[in-house]
Structure formats: C-alpha cells, structure tokens
Amino acid sequence: MPKIQCKDCLEHMKSLDSETYNLIIADPPYFEIHGDFDFVWRDLEEYLLWSKAWISEAHRVLKSNGSFYLWGKIGFGKGFALFKIADWMEETNLFQIRNWITQRNCRGRGTKRGYMEAREELIFCTKSESYTWNSAYTEEFSNRNDLGFDGKPRKNGFKRVSDVWIDIAEASQSSNQRFKLSDGTPFPTVKAQRLCERIIKASSNLGDHVYIPFGGSGSEAIACDRLHREWTLTEANKKFVDEIIVPRVANRNINGTMYLGNLNKKDKWND
C-alpha cells in the first residue's frame, strides 16, 4: 500500500526493521543553494553531520541488493558538501559508488564574469556487488553498424544512457510539472518526471518497494505509481504534503494510499 507520512525521514527510518526497501531515491536539501530549506543549518559541519545521520539510516533500511540514489549540487563557494559526503561514503565503505551522474539543465545560474552553472549531480550507489540493474536506454536511435565488444552484432536499437544525462530537460517554470502552494509560491526544486522514471526502471522491478525520504513535490511517488512499484514517501513540510503531494496523488486516483496526517477540507481523497 502506498504511504505518505508528514514526518522527518530520520524519525521514520529509525522506526523500521533493517532491510525494508529495495530502492531509495533521495533529493535532500542541498547546502545553501536554492529554497528556504537549504538554509536551515548554522554551518557546513552541521549540515554534514545531519547528512551522515540520515544516510547511515538509509543504508540500514536498504535491502542487501538495493540501490541508493543521492541528488546534489557541487556547491561552488559553499564548501563542496556533496564531494565531502561522497568521500565519506567511500572511506567508510558505507555504499559502493557505481556512477557519478551529471544532469545537464537547460536553465542555469551564473555571473557576468564566469560560465553559467547548469548542472545537477546524482550519485548512484549500491549496498553490495549483487544489485538490481535493468539496462537503461535513451529514446535516441543508434546508427552504429559495427560489432559489439563481444564481436557479435549489436541487439539494441537505441543508445545506452551514459553518466552524462543530456536527453531529459528539467521541469521548466512553465511546465505542467511545476506546482505552487496556496499562497502562490512555486515549489522551487521539482524533478522532471522522466528523470524519476529512468532511475526507478533501472534499479527496481515490478512490485519492489521504493522509499522517498524527501517527498518534495511528489514526483518520485507519481513515477512509482506509473511503473507499478510500491512506495513510501516522507516529507517534513506539512504545506508541501497537504497542498502539493496529496492533491497530486489524489488526482491520479491512486487507490488505497494511506496518508498519515490531516487533510484540508478542500482536498479530495479516495478512501
């Protein structure tokens, strides 16, 4: 049964048995990049301590053949938090880092004296050598007629996905994947639906249980529903839950979804 919980992800994970989920997709607050939620820590050290705490719990509740995806930004001039987290994960052998993926965004931020910043990072990790993997392909046809590395004719008609993603654009400000709170404030960091679906297809199978620790606008939950995965979502911000996530899920008529919180009267919901 899909489940939405308005609570802190660390609190939720500490209540679980070990090895509960097949896949965890985490899009946490970055450190002092964008959105009010990026600026709640006193300094980088406090942010890193918080990150290590919830990532350690994510490791515990992930199944031995599971995968962990972590979104982030490089953080120029902000202490390079993502580099420090990746280095810690590798030094402690907490996860095995399989890929460092760069997502190219169409929009960017820059200065008058420098190149525009238009990238986000996605670290793909596994808990062991034995993990779920379904080869990922783009929607671009492959025109190669040479033989594969094994000397046999190539079987796939599309190009494989590399560790630089340039074929999926982010959700633009005018996109129908952008959502606003009741006061008109737009949710600042929506992930494109196709990005979520690519991750879920590659690293889980039908019926697997996906955990989304930072629910945000609910994009990963919608992707799980489309791809027939079980999912659990936590989000600490009640306004995000009540005004964006719950209505999105309700509009898709995802029957049986359990919301552990209080709905506003204006929200429509199928029991």
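The values are calculated or read from the model by the stated rules, or taken from the named source; none is laboratory data. Because the structure is predicted, anything quoted here is derived from the model rather than measured. All Cβ positions, glycine included, derive from the backbone under ideal geometry; neighbour counts span all protein chains shown.
Side notes on the structure shown:
- Counting the residues of region 113-146 that are touching a Lys or Arg at 6+ places or on another chain (Cβ under 9 Å), of a type in the set (A, V, I, L, M) and at pLDDT 95 or above gives 1.
- Of all residues in region 3-31 being in a loop (DSSP other than H, G, I, E, B) and under 17 Å from the mean Cα position of the chain (by Cα), the one that is nearest to residue 229 (Cα to Cα): 27
- Residues within region 203-246 that are hydrophobic (A, V, I, L, M, F, W, C), surrounded by 24 or more Cβ atoms within 10 Å (Cβ to Cβ) and not in a helix (DSSP H, G or I), tallied: 4
- Of all the residues in region 245-259, those that are over 17 Å from residue 229 (Cα atoms) and either polar (S, T, N, Q) or at pLDDT below 60 (or both) number 2.
- Near pairs, Cβ below 6 angstrom, 6+ apart or cross-chain, from region 195-213 (within 17 Å of residue 122 (Cα to Cα)) to any residue that is in a helix (DSSP H, G or I) and among the acidic types (Asp, Glu): 196/220; 212/220
- If the condition is being surrounded by 15 or more Cβ atoms within 10 Å (Cβ to Cβ) and outside any strand (DSSP E or B), then region 89-99 contributes 89, 94, 95.
- Residue pairs whose Cβ atoms lie under 8 Å apart, sitting 6 or more positions apart in sequence or on different chains, and linking a residue in region 157-170 that is exposed (fewer than 12 other Cβ atoms within 10 Å of the Cβ) to a partner that is in a loop (DSSP other than H, G, I, E, B) and among the hydrophobic types (A, V, I, L, M, F, W, C), are 160/136.
- Every listed requirement among (1) at pLDDT 85 or above; (2) touching a Ser or Thr at 6+ places or on another chain (Cβ under 9 Å) is met by residue 177 save one, (1).
- Failed item, numbered, when residue 131 is tested on (1) of a type outside the set (D, E, K, R); (2) surrounded by fewer than 16 Cβ atoms within 10 Å (Cβ to Cβ); (3) over 17 Å from the mean Cα position of the chain (by Cα): (2)
- Any hit, region 64-79, residues being outside any helix (DSSP H, G or I), surrounded by fewer than 19 Cβ atoms within 10 Å (Cβ to Cβ) and modelled with pLDDT of 95 or more: yes
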